[in-house]
Amino acid sequence: MESRTRWSRFKVGRTTARAAIAGTAVGITVLAACAVLSFTVTAEATREVRRAQEVTRVLTDISARIDTQDADLRALRDEVLGTVGRSERSLAAQLEIVDRRVALLRTVAGLTIPVVVLLFAVCALVLVGHQRRAERQSKRRLHEATHDPLTGLGNRAMFQERLGEAVRHGAEAGEPFSLLLVDLDRFKEVNDTLGHHAGDVLLCEVAQRLVQACRSGDTVMRLGGDEFALVLPTTRSRADALEAGRRLLRALRGPIRLNGLLIDIDASIGVSSYPADGHDAAELLQHADVAMYAAKRRHSGVTGYDAAMDGHDASRLSMQSELRQGIERGELVVFYQPKVNLATRTPCGAEALVRWQHPVRGLLGPDTFIPLAEDSGLIDLVTAEVLDQALAQISRWSVLGHELPVSVNIPARSLADDTFPETIAVALARHGVRPELLTLEITESAVIGDMLRAGEVLAGLRARGVNISIDDFGTGYSSIAHLRDMPPHELKIDRSFVMKMCENARDETIVRAVVELAKNLHLKVVAEGVETATALEALSDLGCHEAQGYHISRPLPAADLTDWLSRSTAAGPAIAAV
C-alpha cells in the first residue's frame, strides 16, 4: 500500500513538472512571436517612411528647379505635389495603425512576461523537488541493495565491499585485522517448529546483541539465513580476535522467549586474520568458514583458523566414503554400558553404543563419525546396523538366561519416517525379541523438529510395545508439554548435571527436581555419568530408579558384558565394577 501511494505521488509530481515545462515553453513562444511581429511591422513602417521622405526630397528639389521654368511645368508640379500630399496622409494613417499594433504587442508582451516568469519559477521548484525525490529514491535503492531488510544490517554486498576495503587498507598501511563468521546453532529447529515469524524475531534479537557487543569501528553484517559476519579493524593479533569472538558469544548466549517458550541462543564462530590467514577477501572468507565449521563440530564456540583444518576437511570426504564401505563390510561394532537398579544394585539393562573398527585408524568413538553420518545421510544405515546387532544380542542373552533390556539411540530423522514403527516391529519379529526388551532413546531436539509427525511415530512405537526414553533431559528445548502430549516411559538425566551434583548445589537441585517430576508422572528416571560412589549414593537417596556410568562399568563388548553379567549375578547385590 505504501509503495502504491509513493507511486501515485511520483506520477502527480511528474505530471505537474511536465505541465509547468509545457506552460513555460508556450509563454516563451508567445513572447518570441510578439517580438518577431513587432520587429516586422516596425521595420516595414520605417522603410515606407524613408521612401516617402526620399520622394519628398526629390520633389522639393524638382519644385525649386521648376520655379524658374514655364507655367506648364509649374502646373505639373502642383499636381504631383498634391498626389504626394495624399500619399503622405495615407502613410500617416498607416503609421498610426502600426503604432496601435505595436502598442498592442507591447501590452501583450508586458502581460506575458510575468506569466512566463511565474511559470519558470514553478517549473524550477517542481524540477528541484523532483530531483530531490529522485535523490532520495536513489539513496533508498542503494540502502536496499546494501542492507538486509529484516535486521537492518549490511548484507552480503556490503560485506564484500567492506572486506575488500579492509584488505586494501591493510595492504597499504600494513595493519592487520580480523574476520569473524557467526552461525547460529539449531536455528532450523526453531524455524521449523515455531514458524518463520519466530525465526525472524530470533534473527533480529541476534543482530541487536551483536551490534551492542561490538566496539567502535567494527562492522556487523548478515550474510543470509542464520549466518552473520563481522569485520574487526582494530584487532592486532589472533588472541585479540579470539577474545572478541568469546565476548560476542557471551553476549549472544542467553534465553529469548518465543511463542511462550524460553529458547537458548548459541552459536559457532570462526576467526581468520589478515595477513596471517589470507591476503585477499576470498581467502579470508574461506578460512573463516572452515574455522566456523570446525567450531560447530567441536562444540567449542569460537575457533581460529589453522592450516591443518583444510586437510581435515579433505579427510572428512575420504572418511565419508570409508564409512559407507565400512558399514557394508561389517566394521561397525556395538559396545554395551550396563545399568543398575539403585534399589537392588543389580543389573537391569544396558545402552548400546556404536564404535567403528577402522582397518587403519583403529577403534573410533561415535564423536568421530556420527556427525559425519548425520551430515551425509548415512545415519540411517548406522541406525539399522546398531538395531540389528542389539536385537541379535538381546536374543543371545535371553538364551543364556539374561533378560536384559537394551536402549538404542535413534536419530531425529527416524521420527520423521512414518514406516519406522513397522520397521522396528519387523526387526523384533526377525530376532524373536519381545518389544518390552527394547528401549529407543530420543532427544528433545528430535521431538521438537516436527512434533506432529514425531508424535504419530512415537504413538506407533508405543502401540507395538516398545519403550521410549527421552535422553539428555534438561539440556534441549525442555517443555512439560512434551511429557503430556508424547509421554515417554523414562527420562534420562544428562551427565552434565549428574557428574557435579555432589559439588554444585544447583546441579543437585536440578537432579532432585527431575527425579520428583518423573516420579509424579509415573516415569522411570535414569541417571547417566555416574563416576563416583558418592554420586551413586546421592542418586539412590533422591529416589532415582537406575544409573549408569564409569563407576559402574565402562562400555564393553558384548562378550565382556556377558562375563560382567555373570559376575554380577554371582556376587548378588554388589556391583562388579569394571
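The values are calculated or read from the model by the stated rules, or taken from the named source; none is laboratory data. Because the structure is a prediction, the values reported are computed rather than measured. As a convention, Cβ positions derive from the backbone with ideal geometry for all residues, glycine included, and neighbour counts pool all protein chains shown. When the accessible area is computed, the model is the full protein with side chains, heavy atoms only, and any ligands, DNA or RNA have been set aside. Shrake-Rupley method; radii C 1.70, N 1.55, O 1.52, S 1.80 Å.
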(request) Report ³J(HN,Hα) in whole Hz for each residue of region 457-465, in order, from the Karplus equation J = 6.51 cos²θ - 1.76 cosθ + 1.60 where θ = phi - 60°; Gly and Pro get x. (result) 5, 5, 4, x, 5, 4, 5, 8, x
(request) Please list, or write none, the lysines whose alpha carbon is within less than 23 Å of the alpha carbon of LYS139, excluding same-chain residues fewer than 8 places away. (result) LYS11
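Place a +1 charge on the Cβ of each Lys and Arg in region 169-295 and a -1 charge on the Cβ of each Asp and Glu, then give the dipole magnitude about the Cα centre in debye, rounded to the nearest 20.
Working: 12 positive and 19 negative charges, 105 e Å.
So the dipole magnitude of region 169-295 works out to roughly 500 debye.
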(request) List the lysines whose Cα lies under 27 Å from the Cα of LYS519, skipping any in the same chain that are fewer than 8 positions away. (result) LYS339, LYS492, LYS500
(request) Return the inverse of the average 1/r over all pairs of distinct C-alpha atoms in region 121-270, which is the Kirkwood hydrodynamic radius, in Å to one decimal. (result) 17.4 Å
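Sorting check: for 343-350, 421-428, which peptide has the highest mean count of neighbouring beta carbons within 10 Å, and how do the rest follow? Intermediate results must be reported in sequence, preceding the final value.
On the way: 343-350: 19.0, 421-428: 16.9.
With the highest mean Cβ count within 10 Å placed first, the list reads 343-350, 421-428.
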(request) Can you spot the lysines whose alpha carbon is less than 24 Å from LYS188's alpha carbon? Ignore those fewer than 8 places along the same chain. (result) LYS296
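Taking square-rooted eigenvalues a ≥ b ≥ c of the alpha carbon gyration tensor, is region 310-435 rounded, prolate or oblate, where a/c under 1.5 means rounded and, failing that, a/b exceeding b/c means prolate?
On the way: a/c = 2.12, a/b = 1.61, b/c = 1.31.
Judged from the Cα gyration tensor, region 310-435 comes out prolate (a/c at least 1.5, a/b above b/c).
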(request) Between the alpha-carbon centers of region 380-394 and region 148-201, tell me the distance in whole angstrom. (result) 43 Å
(request) Give me the accessible area per residue for region 222-381, probe 1.4 Å, as a whole number in Å². (result) 44 Å²
(message) Give me log10 I(q)/I(0) at q = 0.19, 0.20, 0.23 Å⁻¹ for region 142-197, Debye formula, one equal scatterer per alpha-carbon, no solvent.
(response) -0.85, -0.88, -0.97
(request) Sort the following peptides by mean Cβ neighbour count (other Cβ atoms within 10 Å, averaged over residues), highest first: 459-471, 253-265. (result) 459-471, 253-265
(request) Express the Stokes-Einstein translational diffusion coefficient of region 277-382 in µm² s⁻¹, to the nearest whole number, given a Kirkwood radius over alpha-carbon pairs, 20 °C and a viscosity of 1.002 mPa s. (result) 131 µm²/s
(message) Taking the full set of protein chains and a 1.4 angstrom probe, give the accessible area of THR443 in square angstrom, rounded to the nearest 10.
(response) 50 Å²
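Can you tell me the FRET efficiency between ARG133 and GLU96 if r is taken as the Cβ-Cβ distance and R0 is 56 Å, rounded to the nearest 0.05? Mind dumping the intermediate values first?
Values: r = 55 Å, r/R0 = 0.99.
FRET efficiency, ARG133 to GLU96: 0.50.
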(request) Summarise the accessible area of region 296-444 (1.4 Å probe, protein heavy atoms) by the percent that is carbon and sulfur. (result) 54 percent
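Counting Lys and Arg as +1 and Asp and Glu as -1, each charge on the Cβ, what is the dipole of region 276-393 about the Cα centre in debye, to the nearest 20? Each step should come with its number before you reach the end.
Numbers: 10 positive and 17 negative charges, 149 e Å.
Here region 276-393 has a charge dipole of around 720 debye.
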(message) Using protein chains only and a probe of 1.4 angstrom, how many square angstrom of VAL117 are accessible, to the nearest 10?
(response) 90 Å²
(message) What are the ³J(HN,Hα) couplings of region 342-358, residue after residue, when phi is run through the Karplus curve with 6.51, -1.76, 1.60 and θ = phi - 60°? Round to Hz, x for glycine and proline.
(response) 5, 7, 10, 6, 10, x, 9, x, 7, 10, 7, 10, 7, 10, 10, 7, 6
(message) What does the net charge come to around LEU428 if you take all other residues with beta carbon closer than 13 Å to its beta carbon, with K and R at +1 and D and E at -1?
(response) 0
